[in-house]
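This is the structure I want to talk about, given as structure tokens.
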Amino acid sequence: MKTKNISIRMSEGEQEKRMLTLCSKLSRRGGTISEFFNHLRTSYLNNIPDSEELKRQAETAGIAWPEMKASAREKILKEVMAEFGIEYSDWGTFKFHIEHRLRGIEGLRILLSEGRITAAEAAEAEKILGNKNLGYDLSILPLNFLLPKEVLTKYIPAGNYEEFRQKDPYGLFIPTAKITAEVGGEAGGRNMYICSRKFKDVVLVNIHANCPIGCAGCYKGFYTREGRVIGEGSDTDGVTLATMGVQMYELVKWLNKNPDIKAIVISGGEPLMAPNNYLGMALEQLKNAKHLAVVRICTGAIFQGLQPRIDDGLFQLLKDFREETGKEIKFNTHIANHYQITPEALMAVKRLVNNGFTIHSQLPIQEGVSFFLDDPAKSLDFMRKLGSMQNALNIEPYKYILDMNPGSKFYVYLEPFLKVLSKLEDRPDKPAAGTGEYTGYSDLVMPRVVNILYPGGNIRLSQYLLFAMEKKVDREQEKVTYYIPSNITDKGAETIFKYAEPLVEGINDDPESLSKLKRKVYQQLQNAM
Ligand code: SF4
């Protein structure tokens, strides 16, 4: 069954209309939405109380400070602002960003008319947005609209979106992972989704499916982009913000019977779409979880265009919870690439980090966003720059995850990725011959883990897999399967992960590619001995 999520203030139609009116008012006077957003953004950033200090910190960390473009149309931009009741300070509010997203086909047309996407990209995306049965929710936040193409790409669906997105690529709702509870008593008794367990000490608590951030490669896109209720299945009712009280009550009951669970990850959709009073109610319940030591909040808000969500009310709730219970709060933060470390993100990061909240970043390795198949040097440069900036801001580069929908527009094929990873893992410690430039970065910029996450488990990636795994190419099924050894003991591998991706000529089609590489390196080893 497909049920629409709880709406967030304006419906897609209302929002499309508002942005269309804004756009046509601007264009009649010679202005554009990019110019309008940029004017608001730069005026806001240059006028906040600690602007100079923020700018200095941004410069030190290598964060781009947006340029205030001298606009001959400043008078017009101000008139349109007045007409729409918008003030500069609105750029610092959650409400503004939520209400000024580009959505639907009209949103796509605005992107095209302002040269942010090509006609081919618009035509591909329109196939998806025009499919009423799919109900795909395009959502481009104002900040993402202004950032470089490698960011914007992340939010534009490809024409084959439906073919490659999976319902549950990480197996969160399969019977072995899904924890449910009987709720509602005899009269209206039902089996409700509570959380997902894949490991001994942690559970993932999805609280609702709504996410205005809009990643087209979202691994829960079946729910977040297509308006379904998260956790619902043939024998299980899903959850929404409206059922959060019951879910949390049942979760705490279950946690108290499962003392091994020391941490929960609150996720969604975007969990910070829950208003502060809902989150306060959830934290109030979690105070009763006797064995729980850590609450992790899995959010895209900090880096992906909703930084004002880290507001005074939320901040106070988190501080009070930590002080009263001694339980830690940590943030798992989704980021596209280094361009999303903006001055706005810096504000949110400083607030959290300076008050002892840990921020762990999670980077999906995605084609055109954080990886570039035809440009390995650029791929490496993006990963290193991100690591370096995170290091400067006390953000822990936690986990890089290979895109979870094999074959999709964003999917990064395993073999080319491992070759770039090799350069990230090992690096020169002296200036390059010829240029004399140092090219290696410190270990602190390295992610703690690089993973494949799929229903079979979490596979830790390293360059050395190129020598340890085997592959089978199935031309009939157009599929390549990698056999990856794991948990090595004296007896051999305890597990052999089987991981498949679509066969693509010139990328993974050579059945001998791994053995040829192994022979080459073996010969080098022999020569070196
Ligand atoms: S921020 Fe996370 S939940 Fe939201 S659309 Fe992106 S991947 Fe999905």
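Could you list, in sequence order, all residues of the range 265-282 that are surrounded by fewer than 21 Cβ atoms within 10 Å (Cβ to Cβ) and either more than 16 Å from the ligand (Cβ to nearest atom) or among the polar types (S, T, N, Q) (or both)?
275, 276, 277, 278, 280, 281
Return yes when residue 315 is among the aromatic types (Phe, Trp, Tyr) and either without any contact (Cβ under 8 Å) to a residue 12 or more places away in the chain or over 23 Å from residue 397 (Cβ atoms) (or both) and no when it is not.
yes
Kindly list the number of the only condition in (1) within 22 Å of residue 201 (Cβ to Cβ); (2) away from the ligand (no atom under 16 Å from the Cβ) that fails for residue 231.
Every condition holds for residue 231 apart from (2).
One residue is enough: does the range 422-435 have a residue meeting the conditions modelled with pLDDT of 95 or more and in contact with a Gly (Cβ under 6 Å, 6 or more places away or on another chain)?
no
Now a separate question. Report yes if residue 213 is farther than 30 Å from residue 407 by Cα, touching a residue at least 24 places away in the same chain (Cβ under 8 Å) and not in a helix (DSSP H, G or I), otherwise no.
For residue 213, the condition - farther than 30 Å from residue 407 by Cα, touching a residue at least 24 places away in the same chain (Cβ under 8 Å) and not in a helix (DSSP H, G or I) - is not met.
Considering the range 317-340 alone, what residues qualify as being within 25 Å of residue 51 (Cα to Cα), in contact with a Leu (Cβ under 7 Å, 6 or more places away or on another chain) and of a type in the set (Val, Ile, Thr)?
Correct list: 335 only.
For residue 145, are the conditions met, namely being assigned to a helix (DSSP H, G or I) and in contact with a Ser or Thr (Cβ under 8 Å, 6 or more places away or on another chain)?
So residue 145 fits the description; yes.
In addition: Which is outside any loop (DSSP other than H, G, I, E, B), away from the ligand (no atom under 16 Å from the Cβ) and in contact with a Cys (Cβ under 9 Å, 6 or more places away or on another chain), of 126, 163, 182, 106?
Of the residues listed, the single one that is outside any loop (DSSP other than H, G, I, E, B), away from the ligand (no atom under 16 Å from the Cβ) and in contact with a Cys (Cβ under 9 Å, 6 or more places away or on another chain) is 106.
What is the number of the single condition among (1) within 25 Å of residue 264 (Cβ to Cβ); (2) touching a helix residue (DSSP H, G or I) at 6+ places or on another chain (Cβ under 7 Å); (3) crowded, with 21+ Cβ neighbours inside 10 Å that residue 394 does not meet?
All conditions are met except number (3).
Matching residues to (1) farther than 24 Å from residue 275 by Cβ; (2) more than 25 Å from the chain's Cα centre (by Cα):
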site	(1), (2)
11	no, no
41	yes, no
64	yes, no
78	yes, yes
82	yes, yes
97	no, no
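Considering only residues that are acidic (Asp, Glu) and over 30 Å from residue 160 (Cβ atoms), look in the range 481-529 and name the one that is nearest to the chain's Cα centre (by Cα).
Across the range 481-529, the extreme among qualifying residues is 494.
Table: residues versus (1) touching a strand residue (DSSP E or B) at 6+ places or on another chain (Cβ under 9 Å); (2) within 28 Å of residue 200 (Cα to Cα); (3) surrounded by 12 or more Cβ atoms within 10 Å (Cβ to Cβ); (4) without any contact (Cβ under 8 Å) to a residue 40 or more places away in the chain.
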position	(1), (2), (3), (4)
417	yes, no, yes, no
437	no, no, no, yes
445	yes, no, yes, no
451	yes, yes, yes, no
482	yes, yes, yes, no
486	yes, yes, yes, yes
502	yes, no, yes, no
510	yes, no, yes, yes
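Please state which one of 240, 236, 224 is farther than 18 Å from residue 361 by Cβ, more than 20 Å from the chain's Cα centre (by Cα) and within 16 Å of the ligand (Cβ to nearest atom).
Answer to the check: 240.
Regarding residue 331, is this residue more than 16 Å from the ligand (Cβ to nearest atom), under 26 Å from residue 144 (Cα atoms) and in contact with a Lys or Arg (Cβ under 8 Å, 6 or more places away or on another chain)?
So residue 331 does not fit the description; no.
Here is a further query. I'm trying to understand the selection: among the residues of the range 223-249, which are among the small types (Gly, Ala, Ser) and buried (at least 20 other Cβ atoms within 10 Å of the Cβ)?
231, 238 - these are the residues of the range 223-249 that are among the small types (Gly, Ala, Ser) and buried (at least 20 other Cβ atoms within 10 Å of the Cβ).
So which of 193, 249 ends up being modelled with pLDDT of 95 or more, away from the ligand (no atom under 11 Å from the Cβ) and farther than 19 Å from residue 298 by Cβ?
Among 193, 249, only 249 is modelled with pLDDT of 95 or more, away from the ligand (no atom under 11 Å from the Cβ) and farther than 19 Å from residue 298 by Cβ.
Now, a different point. Do we find a residue being surrounded by 16 or more Cβ atoms within 10 Å (Cβ to Cβ), part of a helix (DSSP H, G or I) and polar (S, T, N, Q) anywhere in the range 71-91?
No: zero hits.
Residue by residue, here is whether (1) touching a helix residue (DSSP H, G or I) at 6+ places or on another chain (Cβ under 9 Å); (2) surrounded by fewer than 21 Cβ atoms within 10 Å (Cβ to Cβ); (3) aromatic (Phe, Trp, Tyr) holds:
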residue	(1), (2), (3)
130	yes, yes, no
142	yes, no, no
166	yes, yes, no
177	no, yes, no
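The values are calculated or read from the model by the stated rules, or taken from the named source; none is laboratory data. Note that the structure is a prediction, hence the values are computed from the model and not measured. Using ideal geometry, Cβ is built from the backbone for each residue, glycine included, and neighbour counts are taken over all protein chains shown.
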